[in-house]
Amino acid sequence: MKMGFICPEAKSPLAKHQFISALRCIARGLPLHSAHMDKDSVAEVLKEIGVFLELKGENPFKTRAYVNGARILEGLTESLDTLIEEERLGDIKGIGAALVEKITELVETGELEYYKELKASIPPGLIEMLDITGMGPKKVKAVHEKLGIKTVKQLESACKKGKVAELDGFGKKSEEKILEGIEFKRKHASHHHRHKALLAAEPILMDLRSHPDVIRCDIAGSLRRSKEVNGDIDFLVSAKKSEDIIEAFTQREGTLSVLAAGNTKASVLLEGGIQADLRVVDDSEFASALAYFTGSKEHNIVMRSRAISRGLRLNEYGLFKSKEETRDPKLRLNCKTEEDIFKALDLAYVPPELREDRGEFEAAEQNKIPKLIEWTDLKGSLHNHSDWSDGQDSLEEIAEQMSGIDCAYWAITDHSKASFQT
DNA sequence: CAAGGTGA
DNA sequence: GCCTGTGT
DNA sequence: ACACAGGCCGTCACCTTG
């Protein structure tokens, strides 16, 4: 659907929502002005406010409160309208008076004055700058305020002119890095489809597995959580000594450049612009490290809080029987696998796919984690393209695959020659 | 070297 | 921003 | 009941600046 053509200004979630909402009204034959926001649209606005506040240099905890609120809304099972109507929104932990007011305004009017003002006060280019590696909120704020820079282009030319190096906290090196970051952003996608990431990851995983020093080894991060889009690829390895593993990882062919290589971790850029990170840990730390690096961040936060409320402490090195920061092996609970960690926190095992703090903790407490669909559950497939049109594999290869996974039925659905997509 | 910022 | 403990 | 203060998840590696 070419929405941009019909609704050219639909750039903010708010405007986009209003547009879609209007479409729905038309479809149902309802009057247009019942602008009604659902929880996800409201969440988008709150998240955006979070970014804005960050750029303003607001209290980071305040920023977090908004992002937090957004996440809570997304995970809501109950209808937002009901909650507002019955004035129970504020009962939810993490949503206080201020958020109740703002959410209510959004749902009831489809707008939020506070958001509008905030948005108007921040040039969109600043958000874009946050995507440049090395440019965090503080630095974006600095170049904006001190040099009046509003776009990435302006930032680029300011760096070339040496203006940026004059600023406090910046130097020649900073300018170079920023320019590199801009260049990189133009050349490479920031995110990659799962199948591409997997394609890149599998041979590396094979190599790591077959390395003599490697004890245990796994993919972590969003790829392990089976997210459809991945920012990078994370590998975790346990071993007695790391040097040779790091060496092998960074010296693989197909590696464009080595971003960092130290004692316990390395980072490389693969062909196609995908970044791959490797961590090497002691085998006794493998479980906690795997849990930690698998994430998500939101999930980890709740895991740590759970540990704390049980007089424990959870970090990438283990689960410790202590209220203080520690890495003392004597205080460490022996968790050989992730299952052990969940068990120690009174939780059923949560598969990586569900680790998003979207309700998995409630389910795991009651031992009600759903069984996830697996390949073997697939009964048939009615949409397959071969390389005759725009698919990847030949008919023979598809046939072999399909008989291999025991489908009751399947079909080839190639495009006709007349409708080839280019 | 410490401090600040950033990314992981 | 939110939440909790403390003191009034 | 209300006002107010203080904490809020975690740790490291790394870089740049001063």
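The values are calculated or read from the model by the stated rules, or taken from the named source; none is laboratory data. It should be emphasised that the depicted structure is a prediction, and the values quoted were computed from it without experimental measurement. Every residue, glycine among them, receives a Cβ derived from its backbone with ideal geometry; neighbour counts consider all protein chains shown.
Listed by position, the strands (runs of 3 or more DSSP E) enclosed by the stretch A:251-360 that each have at least 1 residues that are within 16 Å of DNA strand B (Cβ to nearest atom) and more than 22 Å from A:Ser190 (Cα to Cα) are A:275-281, A:313-315. Pairs meeting the criteria (first residue in the stretch A:121-146 and of a type in the set (D, E, K, R), second residue away from DNA strand B (no atom under 12 Å from the Cβ), beta carbons under 8 Å, at least 6 apart or on different chains) are A:Glu128/A:Thr151; A:Glu128/A:Val152; A:Lys141/A:Lys56.
Residue-by-condition table, conditions (1) buried (at least 16 other Cβ atoms within 10 Å of the Cβ); (2) farther than 25 Å from A:Gly359 by Cα; (3) at pLDDT below 90:
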{"position": "A:Ala10", "(1), (2), (3)": "yes, yes, yes"}
{"position": "A:Glu44", "(1), (2), (3)": "yes, no, no"}
{"position": "A:Glu78", "(1), (2), (3)": "no, no, yes"}
{"position": "A:Thr82", "(1), (2), (3)": "no, no, no"}
{"position": "A:Glu86", "(1), (2), (3)": "no, no, no"}
{"position": "A:Leu89", "(1), (2), (3)": "yes, no, no"}
{"position": "A:Gly94", "(1), (2), (3)": "no, no, no"}
{"position": "A:Glu108", "(1), (2), (3)": "no, yes, no"}
{"position": "A:Lys116", "(1), (2), (3)": "no, yes, no"}
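Only residues that are among the hydrophobic types (A, V, I, L, M, F, W, C) and within 16 Å of DNA strand C (Cβ to nearest atom) were counted in the stretch A:280-336, giving 3. Can you say whether A:Glu183 is more than 27 Å from the chain's Cα centre (by Cα) and more than 16 Å from DNA strand C (Cβ to nearest atom), as far as the supplied structure shows? No, not satisfied. Taking the stretch A:219-250 as the range and being touching a Ser or Thr at 6+ places or on another chain (Cβ under 7 Å) and part of a strand (DSSP E or B) as the test, the residues that pass are A:Ala220, A:Asn230.
The set of residues from the stretch A:58-80 being acidic (Asp, Glu) and either touching a residue at least 40 places away in the same chain (Cβ under 8 Å) or touching a Lys or Arg at 6+ places or on another chain (Cβ under 8 Å) (or both) comprises just one member, A:Glu74.
Pairing residues of the stretch A:98-115 that are assigned by TED's automatic domain parsing to the domain that holds A:Ala43 and within 15 Å of A:Asp38 (Cβ to Cβ) with residues that are small (Gly, Ala, Ser) and within 16 Å of DNA strand D (Cβ to nearest atom), at Cβ distances under 8 Å and at least 6 apart in sequence or on separate chains, gives A:Ile103/A:Gly69. Taken together, the criteria place A:Ser288 among residues that are under 16 Å from A:Arg313 (Cα atoms) and out of contact with any His (no Cβ under 7 Å at 6 or more places or on another chain).
For residues in the stretch A:304-329 being under 23 Å from A:Arg216 (Cα atoms) and surrounded by fewer than 21 Cβ atoms within 10 Å (Cβ to Cβ), which is farthest from DNA strand D (Cβ to nearest atom)?
Let us first name the residues in the stretch A:304-329 that are under 23 Å from A:Arg216 (Cα atoms), namely A:314-320, A:327-329.
Pick out the ones that are also surrounded by fewer than 21 Cβ atoms within 10 Å (Cβ to Cβ) and you get A:315-317, A:327-329.
Values: A:Asn315: 4, A:Glu316: 7, A:Tyr317: 7, A:Arg327: 6, A:Asp328: 11, A:Pro329: 14 Å.
Out of the qualifying residues, it is A:Pro329.
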